[in-house]
Protein chains: 2
Amino acid sequence: MVSSGFRNLLLKLGLPEGRLEVLEGKGGIEEDTFEGIRYVRFRDSARGFRRGTAVFEDGTVVLGFPHIKRIVQLKNGVKRIFKGKPFYVEEKVDGYNVRVVKVKGRILALTRGGFVCPFTTERILDFINEEFFRDYPNLVLVGEMAGPESPYLVEGPPYVKEDIQFFLFDIQEKGTGRSIPAEERYKLAEEYGIPQVEVFGLYDRSRIDELRELVDKLSEEKREGVVMKTPDMKRIAKYVTPYANINDIRIGSRIFFDLPGGYFMGRISRLAFHIAERRIRGEDFENYAKALGEALLKPLVESIEEVSQGHDVEETFRVRVKNVSTAHRMVNHFERLGLKIHIEDIEDLGNGYWRITFKRLYPDATREIRELWNGLAFVD
Amino acid sequence: MVSSGFRNLLLKLGLPEGRLEVLEGKGGIEEDTFEGIRYVRFRDSARGFRRGTAVFEDGTVVLGFPHIKRIVQLKNGVKRIFKGKPFYVEEKVDGYNVRVVKVKGRILALTRGGFVCPFTTERILDFINEEFFRDYPNLVLVGEMAGPESPYLVEGPPYVKEDIQFFLFDIQEKGTGRSIPAEERYKLAEEYGIPQVEVFGLYDRSRIDELRELVDKLSEEKREGVVMKTPDMKRIAKYVTPYANINDIRIGSRIFFDLPGGYFMGRISRLAFHIAERRIRGEDFENYAKALGEALLKPLVESIEEVSQGHDVEETFRVRVKNVSTAHRMVNHFERLGLKIHIEDIEDLGNGYWRITFKRLYPDATREIRELWNGLAFVD
């Protein structure tokens, strides 16, 4: 249910009354509060409001971040999307997507789903300069939060050695969700000292061999991939490295029974397309096959062994916060989402930060493994 | 729709009228004819009529063959299902399930779905002795048809070097679907010279180590697994070898995009349970990992390469028939099921048999690979 204030606001913003009622009926829209700031978030798309959109009480609309299209055949994908036109190639950083925005005088960080994230909101000013929003109150900084100490992902990119970092990759307008041109973004990031994803330069389809070499280099360096964008940000596509496909499988295999088959199937097929496009044969092929097999089997076998010894399937996360209460609010947030979280350790780092260690338990996956281990006979 | 004759027959057999109407409404029951013999087959379960049941015009009821429960932890599964009681261990043969029955003076072979299979019906008397049905008209022979020349499977067990063979593994009563005791079956098979699955003897849970050794031996010999049955046939469970899990993945990978994720996921997890139960480590583990990775990648990469060169994803089948018309009826049957089949070659073997080579095409999988290869950008 949405309160009457928000009802009127959404109608004024152009959401048809019938559509609003349908959304409310199926829980596609939810009202929430963050430190006294009220907002609704869209769990489904509706008209111009993409999934993940947040509308604040003052009328600020932060559109959901659109899903970037993927290609699995680099050469033909580049040809088909960009034709002869040039495009910037930027690093695809392995983290979680945040939209940073100033609302009612506060800098807030929204996750993909449209939640104001208490953790990211607390930490965001460690990475970006508030002055940017004084000068550009109407813009939204979109970036990836990535590193080994993240509340959402068990791993980060290899070059973030501790904690997390913010990497800007888009700047959008409030309300419209329109991206500013890439070069303007590069300039603003430079000017305000906002850390951004690595930009590998301007490519076009005639430089496909160099682009492939770049992908190989990123894969060797255990990086996730590339996002290609026309300077006007109108055409965007992503391509991930074989390393990332296998590494995602390795991470997922630990919680095998909690993930849909498509999680693994998609990554296996992307790897296969890479191998087919690049005509990988012989020892290099064998190495990929072995890495894939190990990524699928090893963590899954370990999970089975752990459950057989009475333990749970779980993942461990570490985060650094300025206030312990932020960690508790983070846990509350997860619990409201139905996750089972257990705080393991709270450690004073002595530099104004606390390190919180928490576990996410997977009761369904644990139960399934336990039943099967105990000899359950089942029809499949 | 079911004709009035069958309506009355089914009602007489105890199917409630309301249930019959619901079944008809959703296509859960279908009327068919095989060489003038009319029957209905159950595509859904209803009351005592299991999925795959066939009811013939003369009132003969051949119940659908029930799905045998699977265990993935051999030791605990055996303990849980059989407690301290003995059970026969028989080979699980990798083929397709057929029920052989005499109806109106004819020996017919039904597939799992309850179709009278023109191919199997033509060939079945090459393998079993018609006298059996003269003496036991009320019994149904249930077995696996397996070999390299099968219309349903691209591969057979290693010990069937050519053509197909029939392997009896159950004898059931018409009407009730009740299995006769295992030892009676062994005796009847012996008496009538009906080939049967290999019987490895009577085990109980105290001989789990020997059972594990048997599974290892079968896996080395590239055989599918074991089915364990109490002598009275009341408790039955199956366990497949790691070889079969990986080999199924290899066969499936060729038509990767035509199979649900669960096909691969189930087999990967069974392999992982085997590795965990048997504490497989070191080089043996590495070998499984590599075999799994290759099974997943190699045929899929080959399919991608073939499609990229303009070919289709396809599987080739060979069968031996006495009459070419049988092959045509087989193809018609497949086409009615919505499959796309192309006969490649018809060869006179000169010994009263024709060898038919046909291809099954996978247009959806082909289209998906072609689109992705051509650079399609998609949201996933």
Name the lysines eligible as straight-distance cross-link partners of residue B:234: C-alpha to C-alpha under 29 Å, and not fewer than 8 places from it in the same chain. B:12, B:69, B:75, B:79, B:83, B:85, B:92, B:102, B:174, B:187, B:217, B:222
For the range B:71-76, Karplus-derived ³J(HN,Hα) couplings (6.51, -1.76, 1.60; θ = phi - 60°; whole Hz; x for glycine and proline) come out as 10, 10, 10, 5, 4, 5
Given a 1.4 Å probe and every protein chain left where it sits, what share in percent of the accessible area of chain B is carbon and sulfur? 46 percent
Assigning unit charges at the beta carbon (Lys, Arg +1; Asp, Glu -1) and nothing else, what dipole magnitude in debye, to the nearest 20, does the protein assembly as shown show about its Cα centre? 1740 debye
Accessible surface buried upon A-B contact (total; probe 1.4 Å; Å², nearest 100): 4700 Å²
Find how much the distance from residue A:138 to residue A:216 grows on full extension, using 0.36 nm per residue of separation minus their present alpha carbon separation; answer in nm with one decimal. 24.2 nm
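FRET efficiency for residue A:340 and residue B:339, Cβ-Cβ distance as r, R0 = 45 Å, nearest 0.05?
Efficiency computed from Cβ-Cβ geometry: 0.50.
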Environment charge of residue A:46, counting only residues whose C-beta is closer than 14 Å and scoring Lys/Arg +1, Asp/Glu -1: +3
Which value, in Å² rounded to 10, gives the accessible area of residue A:23 with a 1.4 Å probe and all protein chains present? 0 Å²
Occluded residues from the range B:55-91, i.e. those whose accessible area drops by 50 Å² or more once the chain is not alone (1.4 Å probe): B:69, B:70, B:80
How large is the accessible surface per residue of the range A:167-213, computed with a 1.4 Å probe and reported in Å² as a whole number? 49 Å²
Spin-label point model (7 Å from Cα, Cβ direction): what's the residue A:106 to residue A:79 distance in nm? 5.3 nm
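Would you work out the charge dipole size for chain A about its Cα centre, treating the Cβ of every Lys and Arg as +1 and the Cβ of every Asp and Glu as -1, and quote it to the nearest 20 debye?
Dipole size: approximately 1680 debye.
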With +1 on the Cβ of every Lys and Arg and -1 on the Cβ of every Asp and Glu, and nothing else charged, how large is the dipole of the range A:69-240 about its Cα centre, in debye rounded to the nearest 20? 1160 debye
May I ask you to derive the FRET efficiency for residue A:69 and residue B:130 from their Cβ-Cβ distance with R0 = 45 Å, giving the value to the nearest 0.05? 0.10
Of B:272, B:287, B:251, whose Cα points farthest to the positive end of the dipole of the range B:243-308 (charges on the beta-carbon: +1 Lys, Arg; -1 Asp, Glu; origin at the Cα centre)? B:272
Per residue accessible area in Å² of the range B:314-361, where ligands, DNA and RNA are left out and the probe is 1.4 Å: 53 Å²
Probe 1.4 Å, all chains present, heavy atoms only: residue B:236 accessible area in Å², nearest 10, is 50 Å²
Can you give the mean number of other chain Cβ atoms that lie within 10 Å of the Cβ atoms in peptide A:263-276? 6
Compare B:156, B:193, B:225 in a GNM of chain B, Cα atoms joined below 10 Å, and give the one with the largest fluctuation. B:193
Test of understanding: in a Gaussian network model of chain A with alpha carbons linked when under 10 Å, which of A:166, A:256, A:334 would top the mean-square fluctuation ranking? A:334
Looking at the P(r) of the range A:4-59, how many percent of alpha-carbon pairs lie beyond 18 Å? 21 percent
Amide H neighbours of residue B:38 under 5 Å, at least 5 residues apart or on other chains, H built in the peptide plane: list them. B:57
Going by a 1.4 Å probe on protein heavy atoms, which residues of the range A:345-380 end up with at least 10 Å² less accessible surface in the whole assembly than in their chain alone? A:371, A:372, A:373, A:374, A:375, A:376, A:377, A:378, A:379, A:380
With a 1.4 Å probe and all protein chains kept in place, how much accessible area does residue A:316 have, in Å² rounded to the nearest 10? 60 Å²
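The values are calculated or read from the model by the stated rules, or taken from the named source; none is laboratory data. As the structure is a prediction and not an experimental result, all values here were calculated from the model. Don't worry about glycine lacking a Cβ; one is built from the backbone with ideal geometry, like all the others, and counts go over all protein chains shown. Quick note on the areas: whole protein, heavy atoms, side chains included, nothing else; ligands and nucleic acids left out. Shrake-Rupley method; radii C 1.70, N 1.55, O 1.52, S 1.80 Å.
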